[in-house]
Structure formats: C-alpha cells, structure tokens
Amino acid sequence: MTSFPHSRLRRLRGSDSIRNMARETRLSVKEFVYPLFVGHGHGVKEAIEPMPGQYQMSLDVLSEEIGEAAELGVPAVLLFGLPAEKDPLGTEGYDPEGIVQEAVRMIKKDHPDMMVITDVCMCEYTDHGHCGVIANDRVDNDQTLELLGKTAVSHVQAGADLPAPSAMMDGQVWAIRQALNDHGYEDTPIMGYAAKYSSGFYGPFRVAANSTPKFGDRKSYQMDPANARMAMREIEADIAEGADIVMVKPALSYLDVIRQAKDRFDLPLAAYNVSGEYSMIKAAAANGWIDEKTVTMEVLTSIKRAGADTILTYHAKEVAKWLKEAE
Ligand code: PBG
C-alpha cells in the first residue's frame, strides 16, 4: 500500500525538473485560435474598452496584427465582421463583397499559411441584433437556416478554411453542410458551436461587435446554463448533421461540460474562452488584485485539462509570447 509515510506526494514537487516530469497538461501555441474584429475603413485601430489589448480593425491593420500572430506561431484566427450598415436581414453577412469576405481574401493573400475560421451568425449584421430572421416577433429557425448556408458559402468562396456556425438554430450545421456540398465544397470542414450557452460572459463581445439584441434576449435559442445533459444532445445533433469539430462555449464556467463531451465523443473538441472571461482577468490584473500571467496560464491550462483540443482565446498572442520566453 502506498500511503504515508511510504508515499509522499511532495517528492514530485521539489524542483522545476521533477515538476516538469510530473506535469500532465502542457499548453502549446498550436492549439490556439485568435478571434479578431474587422471593420471598414483604413488605418482603423479602435480599442475595445472592456477588452484591453483587443481592437476593431480595418483590413490594413488586421493584416499587421495577423502578421504578428503568425510570427508568434498562432496557427488560426476567427473572424467577426463589423458591417457598414445593419438591416433586418443582415445582408452584409452574406454579401460576397462584405467585410469578412474581403478580410478572408486579404488574409489568404498576405498570410497564406494562416488558417481562417469564420463565425457564421447574423447578430453582427442585423439591426435588431438577433442571430436570425425575425418573423412574428420571434427568431424564425428555418428562414434563418437558408441565410446561414449562404453566409458560409460566401466565406468559403472567399477562401475561408473552416466556417463555424454560432447562431444556435436547430439544423444549422445540416443547412451549411448541404449548401457547401451544393457548391462543390464537400471537403470543407465545419466547426459547430454545438453547446453554446446563453451567457452573461458575452457582454464585452457585444460591445466589441455592437450586437446586443435590441429587444428580448437569446434564451429562446442559446442554452440554459443549468443544463449539461442537454449540451450532450446539442453536440450529438451537430455531429449527426455533419459537424467535423464541436465546441463548448463559454469555457471557464463549463469545464464539466467540456469534460463530459471529451469522454463521450471522439471528434476534435474546441472550447471558447469568451470575452467576459478575458475581461475579468484584465480588470482584476489592472487593479493589482491578481497576477495576470499566472491566472491566464492557470485558466487556459484548466480548459485544456478539462479536455479541449483547441482553445479559442483573446489571450492567444500574449500566451504565445510567454510560451516562447519559457522555451
Ligand atoms: C455570435 C457570437 C457571439 C460570440 C461569438 N459568436 C455573441 C453572442 O452570442 O451573443 C461571443 C464571443 C465572446 O463573448 O467572446 N452569435
């Protein structure tokens, strides 16, 4: 029996080298995705107040930012678009000349090795701020599907590698899979925001993307934070509809959901370390209440330990730097 005094777990903690040997989870820059906000104009680099270090950028500034990320080894970015105008049907979202489509073309020209993931949703483009088409005062699921399919096709036609539907409409992965296949993109994978909760942690993002719903909330389509079994059904549904990668979002308050998904499904699993999780660290660190690097690394390590293969995080660049320094 290995119990005290034969066993002493502190033996494995006595030095850096032994701690290294005993370490179960290691972060690597290769598993990070860096989310970015792109808008119209030239030379625009507008600070997003609740997300220190993050900006709304025009294409030229975005290209520089992606150059820096690439230099640090960040392999993938996730794009969110800030349209010139919003309207009830979110038309810039699926305009072949829309801002995200332009950004994808620019990135593929300037940084051909950078993987480009695109958020496929309507809330950034609709004047009412909901993630789909409004009919009879509610978000109409099936009318939205067609537009999500169109959006994904326009992204892929521009050169996107991996469309990621986040609207939480039933059948969105199926609709996008059909639309991509119809246009000859059978080999383009889809990352489903499968278990996406109706979360207060998206608050800072909605400032960044100016996408707060003008009436009501997203509870009729995004998940209830109280549910984990339903998350498994959401993930199952995405897989059945043809998702190649599935996601849990947010990450930090849903580590149990990440772990359950990892134990249950064999697809690559992504977790989204969302805006509010980022803002909390930045705010506490700015006040001198926590050590920023220690807490950031601890949070990201916990997400990976819970089972995430890929982590979407606004910390991507800074963590890449810290990992490089530690080499
Ligand atoms: C679009 C979308 C949102 C986020 C990612 N895609 C906002 C929302 O659902 O309200 C949030 C990301 C973040 O908070 O970092 N539907």
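The values are calculated or read from the model by the stated rules, or taken from the named source; none is laboratory data. Not measured: the values here are computed from a predicted model. Virtual Cβ from ideal backbone geometry, glycine too; neighbours counted across all protein chains shown. Quick note on the areas: whole protein, heavy atoms, side chains included, nothing else; ligands and nucleic acids left out. Shrake-Rupley method; radii C 1.70, N 1.55, O 1.52, S 1.80 Å.
Figures for the structure shown
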read-out: Per-bin percent of Cα-Cα distances, the range 125-201 [10 Å]; value: 19, 50, 27, 5
read-out: Label zone at T2 (point 7 Å along Cα-to-Cβ), backbone N below 13 Å, the range 15-44; value: 22
read-out: Label-point separation, S253 to T212 (7 Å along Cα→Cβ), nm; value: 1.7 nm
read-out: Anchor K321: aspartates and glutamates whose Cα lies under 15 Å away (excluding residues fewer than 8 positions away in-chain); value: E31, E65, E68, E71, E292
read-out: Among beta bridges that DSSP assigns inside the range 27-326, antiparallel share in %, nearest 5; value: 15 percent
read-out: All lysines inside 20 Å of K150 as judged from Cα atoms, apart from same-chain residues fewer than 8 positions distant; value: K86
read-out: Kirkwood Rh (inverse of mean 1/r, distinct Cα pairs), the range 275-327, angstrom; value: 11.7 Å
read-out: Normalised convex hull volume, the range 42-132, alpha-carbon set, Å³ per residue; value: 103 Å³
read-out: By average C-beta atoms within 10 angstrom, highest first, the peptides 51-57, 13-19; value: 51-57, 13-19
read-out: Alpha carbon Rg of the range 235-327, scaled by the compact-globule rule 2.2 N^0.38 Å; value: 1.18
read-out: Segment E49-E24, length gained on full extension (0.36 nm per residue, minus Cα span); value: 5.4 nm
read-out: log10 of Debye I(q)/I(0), alpha-carbon scatterers only, for the range 168-267 at 0.19 Å⁻¹; value: -0.97
read-out: Rounded Å value of the spacing that divides the Cα centres of the range 1-77 and the range 83-143; value: 27 Å
read-out: For P189, net neighbour charge (Lys/Arg +1, Asp/Glu -1) across residues whose Cβ lies under 9 Å away; value: -3
read-out: Total charge dipole magnitude, the range 27-326, about the Cα centre, Cβ charges on Lys, Arg, Asp, Glu only, Debye to nearest 20; value: 800 debye
read-out: Gain in span if fully extended, D263 to S220, counting 0.36 nm per residue against the direct Cα distance; value: 12.7 nm
read-out: Label point distance in nm, D244-D142, each placed 7 Å from Cα along Cα→Cβ; value: 2.9 nm
read-out: Sum of -39500 (n - 2.57) over DSSP H runs of 4+, divided by residues of the chain (222 nm, nearest 500); value: -12000 deg cm²/dmol
read-out: Percent accessible area from carbon and sulfur atoms, the chain, protein chains only, probe 1.4 Å; value: 50 percent
read-out: Nearby lysines by direct alpha-carbon distance to K317 (threshold 21 angstrom, same-chain neighbours under 8 apart not counted); value: K30, K45, K108, K249, K282, K293, K304
read-out: The chain - Rg and Dmax from Cα coordinates, angstrom; value: 20.2, 70
read-out: Among L269, I303, G192 - extreme Cα towards positive end, dipole of the chain, charges at beta-carbon; value: I303
read-out: Mean Cβ neighbour count within 10 Å, used as a protection proxy, ranking 60-69, 144-153, 200-209 highest first; value: 144-153, 200-209, 60-69
